[in-house]
Amino acid sequence: MSVPKVVLKPKRAQPFYARHPWVFAGAIERVEGTPADGDEVDLVSFTGKFVARGLFNAQSKIRVRLYNWEPDSPLDGAFFRDRLERAVRLRHDILKLNSPDAGYRVVFSESDFLSGMVVDKYGDWLTVQFTALGLARRQEEIIGMLRELLKPRGVYLRTEKGIGKLEGIELQDGTLWGEAPPADLSIVENGLRILVNLAEGQKTGYYLDQRDNRVAVARLCNGKRVLDAFCYSGGFGLYAAKAGAAEVLGVDGSEPALELARRNVAANGLTNIAFDCADVFRHLTEMVAVRRQFDVVVLDPPKFARNRASIPDAMKGYRRLHQLALKLLAKDGILVSCCCTGLIALQDLEELIAQAAVEGRRDLQIIERRGPSADHPVAVTCRESGYLKCIISRVN
Ligand code: SAH
């Protein structure tokens, strides 16, 4: 039986020859055959030339997700197993991240040529997130492979908000296989014990992408007064406290996040750190009003824009945060500007920082431009997967 064909409109094949994995409905001329959602299809040019092979989903704006550019190899179990093995080799053989109680991202969707699935490992547990119906339909087979490759005690499914609507996936959070994660599940990251709540925590439980940035910032914190704005479960603040900061203040608007943060403080025997549950914009404004000063300010807000229309508002938010942070920073201060909004580029962030510094009459030097940890790679065929920026500056 031949594989159904998705035929592209004239002159629309170039991005897919360049191996971009998302075929939007607007690029498609017609579908030959009647693929069901999740079925394998061949993407062909208007003139009928094979371009790539992918999985079809009529319910998604991404009508086809592409996985394979070799005409003769099907998207079968062996294919997906090879992709998973490759992803694991990066983390285990190349990056050496696989100590037993480590937390790291094992599979990062497009970045690992597996558009629509994320796997994180937290000690003996895996969290799996499917954002593509085609892969969700193959979940049993994929979980079986992950079990063989990673030998977890349990696999927990996390769903992304709104994905049911976007992809037509009906999934529910919960333990998919093996033992349920214990309430006190924790990982060890650079010598710190970090509790991870797979069921209720944000993201898949923890922000693994900031691992190396936390180290980079901690190096600058000994003896300093540190403000960790948007601290979640402690993150940068825990590292700063362990590195010998004079005092650390973590601020977050989520009480459950701060509960976790306080438990992390206790688990690591730290005493030089406190938390305020508050809106960061309001709290920073209040601290500016009473002339509070810090030597290090970390800004790690959530994603501010999900589409192009909301970029101007997002930029306003980042600008306001930087204006406030600059007022709170003492001489020779360190400003850490993180931005996980993929639609805002490094250059945009730098421009915004530059403007805020000029407006605030501060001399600012960028001392490091950083991205996420290496277990969050960027596939050159899908540059959108490079979302996290972290700029460290010195301020006078
Ligand atoms: N720095 C953290 C990750 C931060 S994620 C780490 O290293 O792990 C972003 C955090 O911002 C979330 O914990 C969320 O609860 C918080 N948040 C979002 N909007 C907020 C606001 N307006 N005020 C305070 N906290 C906010």
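Some observations on this one:
- Some residue of region 323-332 being assigned to a loop (DSSP other than H, G, I, E, B), within 26 Å of Pro372 (Cβ to Cβ) and at pLDDT 95 or above: no
- Test: Ser60 is more than 26 Å from Glu170 (Cα to Cα) and of a type in the set (Ser, Thr, Tyr): no
- Boolean, Arg193 is of a type in the set (D, E, K, R) and either touching a Leu at 6+ places or on another chain (Cβ under 8 Å) or in the same structural domain as Gln293 (by TED's automatic domain parsing) (or both): no
- From the options Gly178, Gly174, Gly205, Gly154, residue that is surrounded by fewer than 21 Cβ atoms within 10 Å (Cβ to Cβ) and within 21 Å of the chain's Cα centre (by Cα): Gly174
- Among the candidates Ile194, Ile187, the residue that is within 16 Å of the ligand (Cβ to nearest atom), in contact with a helix residue (DSSP H, G or I) (Cβ under 8 Å, 6 or more places away or on another chain) and either among the aliphatic types (A, V, I, L, M) or in a helix (DSSP H, G or I) (or both) is uniquely Ile194.
- Counted residues, region 320-343 - those being in contact (Cβ under 8 Å) with a residue 40 or more places away in the chain and either within 16 Å of the ligand (Cβ to nearest atom) or in contact with a strand residue (DSSP E or B) (Cβ under 6 Å, 6 or more places away or on another chain) (or both): 16
- Residues within region 234-257 that are assigned to a helix (DSSP H, G or I) and near the ligand (Cβ under 9 Å from one of its atoms), tallied: 7
- Which numbered condition Phe16 fails, given (1) farther than 29 Å from Arg147 by Cβ; (2) part of a loop (DSSP other than H, G, I, E, B); (3) within 25 Å of the chain's Cα centre (by Cα): (2)
- Being acidic (Asp, Glu) and surrounded by 21 or more Cβ atoms within 10 Å (Cβ to Cβ) is a description that applies to Asp375.
- Residue selected from region 159-182 under the condition without any contact (Cβ under 8 Å) to a residue 12 or more places away in the chain and more than 16 Å from the ligand (Cβ to nearest atom), by the criterion nearest to Leu258 (Cα to Cα): Pro182
- Among (1) in contact with a helix residue (DSSP H, G or I) (Cβ under 9 Å, 6 or more places away or on another chain); (2) closer than 27 Å to Ile143 by Cα - the single one Asp72 does not satisfy: (1)
- Exclusive hit being in a loop (DSSP other than H, G, I, E, B), within 12 Å of the ligand (Cβ to nearest atom) and in contact (Cβ under 8 Å) with a residue 60 or more places away in the chain, set Cys231, Cys221: Cys231
- Scanning region 258-292 for residues that are within 15 Å of the ligand (Cβ to nearest atom), outside any loop (DSSP other than H, G, I, E, B) and under 20 Å from Asn222 (Cα atoms) yields Asn264, Val265, Ile273, Phe275.
The values are calculated or read from the model by the stated rules, or taken from the named source; none is laboratory data. Bear in mind that the values here come from a model prediction, so they are computed numbers and not experimental data. Note: ideal-geometry Cβ built from the backbone for every residue, glycine included; neighbour counts use all protein chains shown.
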